[in-house]
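Notes follow the structure.
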């Protein structure tokens, strides 16, 4: 068989990793395809939690100030 050199060991490890990757890809192909298409269709700028809370806040716009300056102005006006 001969001596095992570091280059041979590295080649065997890389080959095993590649084989393992391919086995996982083939075994879970339907699940991975579905997950990848869902990620492709998603919008990273849209936050579902923010949209739901915005709908609740839109009904009562007096409670949510638009900016920090508006909040300070409302506090000053309310304190007087």
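Test residue 55 against the stated conditions and say whether it is assigned to a helix (DSSP H, G or I), at pLDDT below 75, surrounded by fewer than 10 Cβ atoms within 10 Å (Cβ to Cβ) and on the phi < 0 side of the Ramachandran plot. Show your work before the answer.
Values: assigned to a helix (DSSP H, G or I): yes; at pLDDT below 75: yes; surrounded by fewer than 10 Cβ atoms within 10 Å (Cβ to Cβ): yes; on the phi < 0 side of the Ramachandran plot: yes.
Judged against the criteria, residue 55 is a match.
Determine whether residue 4 is loosely packed, with under 10 Cβ neighbours inside 10 Å, modelled with pLDDT of 80 or more, out of contact with any strand residue (DSSP E or B) (no Cβ under 7 Å at 6 or more places or on another chain) and part of a loop (DSSP other than H, G, I, E, B). Steps first, answer last, please.
On the way: loosely packed, with under 10 Cβ neighbours inside 10 Å: yes; modelled with pLDDT of 80 or more: yes; out of contact with any strand residue (DSSP E or B) (no Cβ under 7 Å at 6 or more places or on another chain): yes; part of a loop (DSSP other than H, G, I, E, B): yes.
Taking the combined requirement at face value, the residue satisfies it.
The values are calculated or read from the model by the stated rules, or taken from the named source; none is laboratory data. As the structure is a computational prediction, the values presented were derived from the model and not from experiment. Because the Cβ atoms are built from the backbone with ideal geometry, glycine has one as well, and the counts that use them run over all protein chains shown.
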